[in-house]
Amino acid sequence: MKTLKVAVLVAAISLSQNVFAQEGEASFCVLTEKFAEAYMEGRQAGLKLSAAMQEVNSGTPAGKARDIMHDIIKEAYAIPRYESYLGDEFQKHVVNDFADRMYLKCLNSDLANR
């Protein structure tokens with residue numbers, strides 16, 4: 001289920017390079033936020049870094065979109081994985097904070113100012 005969700009987000013962000021040029025930063029940054037959320041959920045659930053990178057590599061042509069996705073994944077994996085004994089709410093908090101941070105980073109980037 002999560003793999004399908006991630007695959008859809010990978011495809012959406014890959015295609016969004018053209019979409020956000022027409023619709024503005026909000027569209028691209030929302031996709032970026034959702035991608036960040038999906039991969040941090042995967043990170044917290046135990047998805048291996050190599051598997052996350054392979055999903056992106058196999059589903060996205062080389063270029064700016066793939067580079068952005070790699071950067072988001074690397075940032076997600078720089079954050080510790082918190083065990084479920086701390087509670088699902090704690091993991092959800094970590095996921096939400098990361099997604100918010102990536103959304104804000106997108107809004108403040110050159111990508112959002114096209």
- Of the residues that make up the range 77-85, is at least one at pLDDT 90 or above and part of a helix (DSSP H, G or I)? yes
- Can you find a residue in the range 31-43 that is at pLDDT below 95 and more than 15 Å from Val95 (Cβ to Cβ)? yes
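For the range 56-81, give me each residue that is of a type outside the set (Ser, Thr, Tyr) and over 12 Å from the mean Cα position of the chain (by Cα).
Our first condition is that a residue be of a type outside the set (Ser, Thr, Tyr); within the range 56-81, this holds for 56-57, 59, 61-76, 78-81.
Passing the criteria: Asn57, Gly59, Pro61, Ala62, Gly63, Lys64, Ala78, Ile79, Pro80, Arg81.
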- List, please: which pairs have Cβ atoms under 7 Å, are six or more places apart or on different chains, and start with a residue in the range 52-71 that is outside any loop (DSSP other than H, G, I, E, B) and end with one that is of a type in the set (Ser, Thr, Tyr)? Ala52/Tyr39; Ala65/Ser14; Arg66/Thr60; Met69/Thr60
- Does Lys74 satisfy the condition of being within 20 Å of Asp110 (Cβ to Cβ), among the charged types (D, E, K, R) and at pLDDT 95 or above? yes
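The values are calculated or read from the model by the stated rules, or taken from the named source; none is laboratory data. All figures in this text were calculated on a predicted structure; none of them were measured in a lab. When we count neighbours, we look across all protein chains shown, and the Cβ atoms used for this are built from the backbone with ideal geometry, even at glycine.
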